[in-house]
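A short worksheet on the structure shown next.
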Amino acid sequence: MSLPNDRETKIYVAGLPWITKTEGLRNYFEQFGEIVYANVVCDRATKRSKGFGEAESTERACEDPNPTIDGRKASCKVAYLGARVHNNQSNRNGLVSMFSNSISYPK
């Protein structure tokens, strides 16, 4: 029997420690059920974590918006398709990006 918060959803995770790798993120979210996808964003040159990532898990994974992952408080937020940034602008994909104001797109 499926609970109301068992629906799979994408989760944005910020505030990860630099030591966290994709496997560590996956291990944390596995306690909430099957993980469809997990990724920690890393710098291409140094291969070091940029401190944020994403996962696809159940909504129950966001019941604690500030979980401790690898010894540091992180911030989990459900990613919504079509969400808007503060200035009512979306990026080209219709998704909110916390960096959308600093990225310029070629015209």
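Below is a table of values for the structure above.
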{"read-out": "Spacing of the two label points (7 Å from each Cα toward its C-beta) at LYS50 and ASN27, in nm", "value": "2.4"}
{"read-out": "Segment 6-78 - percent relative contact order, Cα under 8 Å, separation 6 or more", "value": "44"}
{"read-out": "Sorted peptide list for 52-58, 71-77, 34-40, criterion being average Cβ within 10 angstrom, highest first", "value": "52-58, 34-40, 71-77"}
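Any read-out appearing in this document is the output of simple, stated calculations on the displayed coordinates, not a laboratory observation. Worth saying up front: this structure is predicted, and the values here are computed from it rather than measured. We place every Cβ from the backbone using ideal geometry, glycine too, and count neighbours over all the protein chains shown.
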